Amino acid sequence: MEVGAVDLYATNPGPIDGSVLYDQDKHVSTAVWEGQERGALRCHEHTSKLDQWTLNPKQIELVEKAGFGYLRSIPAISLDNPLISALVERWRRETNTFHLNVGEMTVTLKDVALLLGLAIDGDPVIGITHTTCISVCEKYLGRAPESGYTSGGMVKLSWLKEFFSFCPDDASKEVIEQHTRAYLLYLVGSTIFSTTTGNKVPVMYLPLFENFERCGRYAWGAAALAFLYRALGNASLKTQSTISGCLTLLQCWSCFHLNIGRPKLNQDLMHDRFPFVLRWKGKQSSPTANRDVVFYRKALDSLKPCDVEWLPYRNMDSMMIPEHIKSTLIIGRSKTMLICFDKAERHLPNRCLRQYGMLQSIPEDVERWERKSRGVDGGVDLSGKMEAELNEWMDRRLHIVDGDEGVDESEYMQWYLNITRKFIGRPISLSSEFQRTNAGLRDIAHIADTFSTKGLDPQQIESISRIRYIAHECLRDQIGGPVIIPDIPQEELGKRVRGKERVRRKGSGKRLRKDDAAQYNAVSEDEQPQFFSATIEVEQLHISHLDGEVDRSQFNQVDSEVGHVQLIHANADGENLRLCDANIEVDQSGLAYADGEGSNVAPNHEAAKGGQEIKEEPNHAEENPVNRVLHHATLEIVNTKPSDATAEVNHALVDDPNDISSQQRSNGVGNSRLPHVDSESAVTEPSSSSAKAVAMEVTQHSLEAHEDLAQKGDCTVAV
């Protein structure tokens, strides 16, 4: 058999080297690869009611002074939840980048400045935490919310809109400022700082709006990116089902950079304004109705370099960019720490140099940092607890990354493919993967079974036996898989099959009623040559060992619904199978009953009456799968090819061929019937060559006679 070289990059989703993506086990891609779909994330952004606020000219002036004039002008944009969910599956919080098969990409500070028009340079957005709303709201808004509108240190957005969405033109300066602070809190709470609560915003931002001029000196764009990074990191965990943060920024970034889910632009003058997110404003003509997470996941898994726009803003009119934004774009290449209160996230442009028009080299390792959460105690100034992060932000201008013109990007891609997660979805389905793995195990088992041990030393023979055992153990519990019973102690065998075992039959799974016709699944000779399959479902199987001699194998009277089957193994000179108890539930099979008591069966053995010792007939039991099944009492026997000894035993099972009519002895599975046995013929006398078998009539779902099995192949019984 010809064996080709295995391409690890093609068969392993990655990472092959786990030194970078060390949290792979927690990532959603692990669950997706294992077939655990979580569907589209619930996206929390609350921009739909922003247009219900009415601001007077004085308020608009204050909003612009506070640094939110451009953010205010951005309308609600319809979110593509499946697209966002597929992007989240590619996000890695170890590097704060999207791991695509063309390399790493991320939302940078430059993107925030150009898309949202927020300041990316300035003071860090940090302050004092609060666990209650009353005092803070009274101080900065002039009134406190009722208890039904608050939750800890958060207030409902609906309360802000209800009481502050309209400010009279003749209001005092204090009232105008109070209404404007309420609007700013609503604005950031529904856009850049939207939470997974759905309709609440923390009041800890209110003190930052006290002085509007000072508010304009904060790096709100850096804080928005820190918040989005944290939200993406949380949503990328397989335990999460929601995402928050500025999802308009994320979706528009994707539209600019990736030709996936990108709507066709409505070309008019409104789309040539700043900020650039306005390009995607209005109705979108791209069809998205039939695009789910799997659709976008496959598109990202097969992403080509031609589908990526590394420099999407180079064709934009730079004259539209305000000077105070343009002068700070150099900070977009700063390797620094982004801060939004307790959220501190690393900004790593050195991992995405192609987004700045540079060649990508192998980046240095990312220093791990502790992601801190806001404490429950109120009045805590986070500045004292985040000194290291604050110092790194203060030095942001000292860490501007530059590229190297002599870089060979092929070396980077070779390194990158070794440390990344290349695929999120499986190239082939789990069922196909299972079938392929199962087929490989069958091949291994077959090679081990037929491998000649002639000339091998004991250690090599033991290795072959070990391979054979492992392969068959993997196939042991699979319906339709060949099972060779390993030579293991019977004590372990009894433990293995203990408890309730239930296997659904391979057909439709629907139970036939007593009056329904029997159905059979045809098996092609190409797939399973010389084997036939019939599946029986039994509620509970109890295997016991009887440390004594057994007179005979006994079938007790059974009902149409059967509950338990006890296989009692005799650990004596003879090895017989005893079926006791009668309530056996057999799907699509009904067992007819012996008309008398004590109907005995002695298959493959010589039986003795009156408690005499049972002698085993020499019929090559080691080679006979039937005897091995009786010996080991295996739960599932599938596709075991009967040997010549089987034919001899099966031929010996029926002494008198006249007991079975020619029609009942036909080879058809559906027509094979065992005759009804009365009390006079229930007990057969032992003979020197073989033992007579007592046949049971099988109603609705007949079982093949042993004589038929010897001719056609073995019967597959899955219990």
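The values are calculated or read from the model by the stated rules, or taken from the named source; none is laboratory data. Source: prediction; values computed, not measured. Reconstructed Cβ throughout: ideal geometry from the backbone, glycine too, with neighbour counts over all protein chains shown.
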Legend entry - Where residue 213 falls short, out of the listed (1) modelled with pLDDT under 95; (2) touching a helix residue (DSSP H, G or I) at 6+ places or on another chain (Cβ under 9 Å); (3) more than 20 Å from residue 42 (Cβ to Cβ); (4) not basic (Lys, Arg): (1)
Inset, instruction - Give the residue that is farthest from residue 186 (Cα to Cα), with candidates limited to residues of region 36-66 that are within 43 Å of the chain's Cα centre (by Cα) and aliphatic (A, V, I, L, M). - result: 40
Inset, instruction - Check off (1) over 32 Å from the mean Cα position of the chain (by Cα); (2) closer than 26 Å to residue 102 by Cβ; (3) surrounded by 19 or more Cβ atoms within 10 Å (Cβ to Cβ) for residue 313 and give me the number that stays unchecked. - result: (3)
Inset, instruction - Check region 395-404 and report whether any residue there is part of a helix (DSSP H, G or I), assigned by TED's automatic domain parsing to the domain that holds residue 300 and in contact with a strand residue (DSSP E or B) (Cβ under 6 Å, 6 or more places away or on another chain). - result: yes
Inset, instruction - Starting from region 345-356, take each residue that is in the same structural domain as residue 331 (by TED's automatic domain parsing) and list its partners that are of a type in the set (Asp, Glu), counting only C-beta distances under 7 angstrom and pairs at least six apart or across chains. - result: 351/104; 352/104
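Looking only at region 194-217, decide whether some residue is without any contact (Cβ under 8 Å) to a residue 12 or more places away in the chain, surrounded by fewer than 16 Cβ atoms within 10 Å (Cβ to Cβ) and not in a strand (DSSP E or B). It would help to see each step written out before you state the result.
First, the residues of region 194-217 that are without any contact (Cβ under 8 Å) to a residue 12 or more places away in the chain: 211, 214.
From the residues that got through so far, the ones that are surrounded by fewer than 16 Cβ atoms within 10 Å (Cβ to Cβ) too are 211, 214.
From what is left, the residues that are not in a strand (DSSP E or B) are 211, 214.
Looking for residues that are without any contact (Cβ under 8 Å) to a residue 12 or more places away in the chain, surrounded by fewer than 16 Cβ atoms within 10 Å (Cβ to Cβ) and not in a strand (DSSP E or B), one finds at least one in region 194-217, hence yes.
Could you list all residues from region 415-439 that are assigned to a helix (DSSP H, G or I) and either in contact with an Asp or Glu (Cβ under 9 Å, 6 or more places away or on another chain) or in contact (Cβ under 8 Å) with a residue 40 or more places away in the chain (or both)?
Our first condition is that a residue be assigned to a helix (DSSP H, G or I); within region 415-439, this holds for 415-419, 430-439.
415, 416, 417, 418, 419, 430, 438, listed by residue number.
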